Every structure is written in C-alpha cells, then in structure tokens.
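Everything on this sheet refers to the single structure shown next.
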Amino acid sequence: MDRILLNYTHSLDSAAGPQHGVSLQELEGMAERLAMAQVRVEGRRAVDLRWLDLPYASEVHQEVLRYAESVQGRFQNVVVLGIGGSALGNRALHTALNSPFHELAPPPGHPRLFVLDNVDPDLIGEFLDHVDPATCLFNVISKSGSTAETMSQFLIFRRLLIDKLGEEAHREHICVTTDAKAGVLRPIVEAEGYASFVVPDGVGGRFSVLSPVGLVSSALVGIDILGLLAGAADMDARCQTSELLANPAMVYAGLQWLMQERKGKNIAVTFAYSHRLRDLADWYAQLLGESIGKLSGKGDEQRPVGPTPVRAVGVTDQHSQVQLYVQGPYDKWFTLLSVGDHDHRVPIPPDYQDRDALAYLGDREMGELFQAERDGTRLALTDAQRPNCTVHFPRVTAHTVGQYLYLMEYAVALMGELYGIDAFDQPGVEAGKVAAYALMGRKGFEERAQEIAAAQAGLQHEV
Ligand code: PA5
C-alpha cells in the first residue's frame, strides 16, 4: 500500500537557516511534551474523542454502503445541505477522488454532487434555476441539528419537493445526518420517516469527515469509502508510537508549534501542488483555524493563540502568491502537498523545435513540468529561508487521502495540548451563530438583539 510521507528537511535550520528554521535538537526537545500530549489524547479516545475510532465503525460503514446501493441510479444529483465541518470534507473528498469534470459527465449510475454550503440567495437561486429538485437527493447534514443556514435550506428544498411530488414521495428525496438526540432535525426525521444517519457522540463537526457526515455523499458518488477508512486506520497505527521522529502527527504538531511560538511564523500555508488536493487544503484550513485559534491560559495570563491558515494551489498561485511568499514577511510556514504518480500522462508535442523558448518543452510530459515547477517553488522558498515541509502522496487514492485526513486530525489534537487550548470547542463560531439568531428574531435571543441594536446605534461611517 502507498504511504504518504512527511518530509520536513526544509523546515530545519540546516536548510532554512538558523533564524527561520528549527534545529533538530529543538524538535527533539519537544519529545516529552508531545508524548504527554499523545497520552492525553489517547486517554480521551473512548471518552469524548470518539472520532479517533471512526475508521473501525464497520457496522456504520456497511449501513452507509447499503443505503448508497439502495438508491443507486435513482437520482441525477446529490445535494449536500450543510456548512463548515458538515460540508468541507464532503467537497474535499469529491474533488480529490472524482474527476474535476464529474458534474459535466458523471460515470454511469453515479449522480453529480453539489455542496451548497452558503445561504447566499444568488447561489441558492441559481441552483434552483438550473436544477430540478425532483432529480435530487438532499443530504441534510448538521451535527447540532439546528444551524440556521442548513435549517433554512432544509425548509426551502423540503417545501419545493412537497409542492412538486407530494407529502409521501418527497420523503425519498431527503436523507438526514445529525445527532442521535440533540437539535430539531432528529424529531423531524422520526416524524417524517426520512432516511437518516447518526453523527456519533464525541465527533465534532470538523473531525467528522470519516463519519456518516462525509461517508454518505462519498459513497453515493462512487468513492471507495472502505479504502479511505483503511488509509485512516493505517495512519492511526503510525501515530501510536511515542517515538517522536517515527510519528508523523507528533512531528507535524511539534513543527507547527515551534514555527509559530519560536520562529514567529503566524501563518500556516497549505500549498497543494495538485488540483485534486486543493479542497483538502480548504478542509485543513477549517480544522486548524477553528481548533487552535483560541484564548489560551486563564485570567491575566490569557492570550490569543493559533496560526492563521491559508490555502494555495500550485502551480496556479505561483503566478499570484509566490512573490509574496518568497520575498514578503518572514511570517509563514509552508506545507506543500505533492503527488508522485498522476493518473494521466499528457505529452507535449515537439513543435517549433527551432525556437529555444519552446524547444525544451517538446517531447516532455505535463507531469514533468508540473513537478519541476513544484520543486522549483520549494527551492525558491528554501533558498529565501522560508521554512517548508512536504506531505507527499505517492498517488492520490482513497487510501492516501484517508491517511492525510487522519494525520491532520491527529496532529491538530496534539497541537491543542501544546497550545494549551481546547481544540474541540468553537466559542467564536457560537458567538456568531447567537448574533445571527438575535438579528433574525429567534425566540429566546431578545436580550442579545437589544444589545446589538444599542451597540450599532449611531455607529455608521460610510463614504
Ligand atoms: O466544526 C464545527 O463544529 C463547525 O464548523 C460545524 O461543523 C458548523 O458550524 C456546522 O455545524 P452543524 O453541523 O452543527 O450544523
């Protein structure tokens, strides 16, 4: 089986220089803290960090596969109604493991996938102008079962389905993934008899991609979910050693902490040198940002922590961001995602051999150019003393993507311990949700609505 590898050579002082790179001794000096972090994370595996065991929930996996099989060929479109951790993984898996042109021509028997993770009326309105809801299976995903964005979408599409198909028939077009008890969705599922899956306890939104949250839509669009889960389980096994330099999650977490806390790299750039992996970078941006961007410590000691995640795509962003990355502020640590073998070989024809500016391209392959550009960027970053590491995928498969997802989840859990924060809550997101409820007039949020109105009075400055 292909294994993804974390190469951190260019994060070390030997490559990136003593001012910006970390020494091996500094990294090894983290061994005890990381081992303790690992013990604490593992101690919560069977308690409240149940996402660690998602790769082994084989009954659930079979249930998802049975459902996907039971509806195969019945819907032209699968539409995910969810947001944040209830959408980013779905999109990342689809774009990594299916064709970028899947929606133009889905393989026979497989539907298209749309992830509507916004309530922008121009998105929803255009979707309705182009897609008949009667051709869709709506996978409504909400761990809390109450998020305003997802609930509003559910209300809109449910009503359209009922108006078009009738009370009885509309039910076949809705499949809900939500908590076993909490929220308004579960009692609705029970009352309506919708197909449904459970987001298990101990599985927070951004750690839920390997639960039915990410698996249902993936199975529906033909992704090898068992391969994905097997990859995650393999990575789990690799993360069990307490030997720092043999444990990729420990090394990644240790480097991230050192880069920010010792080297002042406040920005963590995931630079996906793969069109297919670009949305994994987006998924990781949420995982890192929402998990680690917190207040650490108590009372007067309290301070804000957390690197700012940024995503970039190679080679596209070479012509957009790389100037900044190579000569701008020394405030970034880079993680390149690289791919060994691509699924396609695209030769470049040897035309215009008499012109030097084109001759070197002839009879080469697009993959060679792509890899040369990636390696060129890595060299340019390193030469400019911009520390970077590479997560290398021998090939992009369900198995290697499963490894990556689990690696990053485990590393972020360890980072939470290093930064001294709870990586699994999101009080900042909750604050925004409460403000939106208040502004929309939700019952029980009147006091907050008054506070907002008072704070806004007379505060408009426009030009
Ligand atoms: O990671 C998280 O917890 C959040 O991003 C949630 O996934 C997001 O807010 C959506 O919440 P829910 O799934 O409860 O609708």
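The values are calculated or read from the model by the stated rules, or taken from the named source; none is laboratory data. The model shown is predicted, which means the values in this text are computed figures rather than measured ones. Don't worry about glycine lacking a Cβ; one is built from the backbone with ideal geometry, like all the others, and counts go over all protein chains shown.
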### Query
in contact with a Cys (Cβ under 6 Å, 6 or more places away or on another chain) and either farther than 30 Å from TYR56 by Cα or within 14 Å of the ligand (Cβ to nearest atom) (or both), is that true of ASN118?
no
### Query
Which condition breaks for LEU165 when tested against (1) more than 16 Å from the ligand (Cβ to nearest atom); (2) farther than 30 Å from ASN7 by Cβ; (3) crowded, with 20+ Cβ neighbours inside 10 Å?
(3)
### Query
Is it true that some residue in the range 382-405 is without any contact (Cβ under 8 Å) to a residue 40 or more places away in the chain, over 23 Å from GLU290 (Cα atoms), in a helix (DSSP H, G or I) and not assigned by TED's automatic domain parsing to the domain that holds GLU261?
no
### Condition broken by LEU128, with the remaining ones in (1) more than 20 Å from ASP163 (Cβ to Cβ); (2) of a type in the set (A, V, I, L, M); (3) in contact (Cβ under 8 Å) with a residue 12 or more places away in the chain satisfied
(1)
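Tell me the strands (runs of 3 or more DSSP E) entirely within the range 219-331 that contain at least 3 residues that are free of Cβ contacts under 8 Å to residues at least 60 places away in the same chain and not assigned by TED's automatic domain parsing to the domain that holds THR95. Break it down stepwise before answering.
On the way: elements: 267-272, 294-296, 303-305, 308-313.
Passing ranges, in order: 308-313.
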### Message
Which of the numbered conditions does THR178 fail, given that it passes all the others? Conditions: (1) more than 25 Å from MET1 (Cβ to Cβ); (2) among the hydroxyl-bearing types (Ser, Thr, Tyr); (3) in a helix (DSSP H, G or I).
### Response
(3)
### Message
I'm told ASN139 meets every condition in (1) within 11 Å of the ligand (Cβ to nearest atom); (2) under 10 Å from GLY82 (Cα atoms); (3) at pLDDT 95 or above except one. Can you identify the failing condition by its number?
### Response
(1)
### Query
Among the residues of the range 332-347, is any touching a Phe, Trp or Tyr at 6+ places or on another chain (Cβ under 9 Å), surrounded by 17 or more Cβ atoms within 10 Å (Cβ to Cβ) and over 19 Å from ARG276 (Cα atoms)?
yes
### Query
Hey, any hits in the range 29-44 for a residue that's closer than 21 Å to PRO212 by Cβ and away from the ligand (no atom under 16 Å from the Cβ)?
no
### Message
Just to be sure I understand, how many residues within the range 286-317 are on the phi > 0 side of the Ramachandran plot and surrounded by fewer than 19 Cβ atoms within 10 Å (Cβ to Cβ)?
### Response
2
## Note on the structure
Residues in the range 185-216 that are within 11 Å of the ligand (Cβ to nearest atom) and more than 22 Å from LEU65 (Cα to Cα) total 3
### Query
What tally of residues in the range 178-219 results from selecting those that are buried (at least 24 other Cβ atoms within 10 Å of the Cβ) and more than 18 Å from the chain's Cα centre (by Cα)?
2
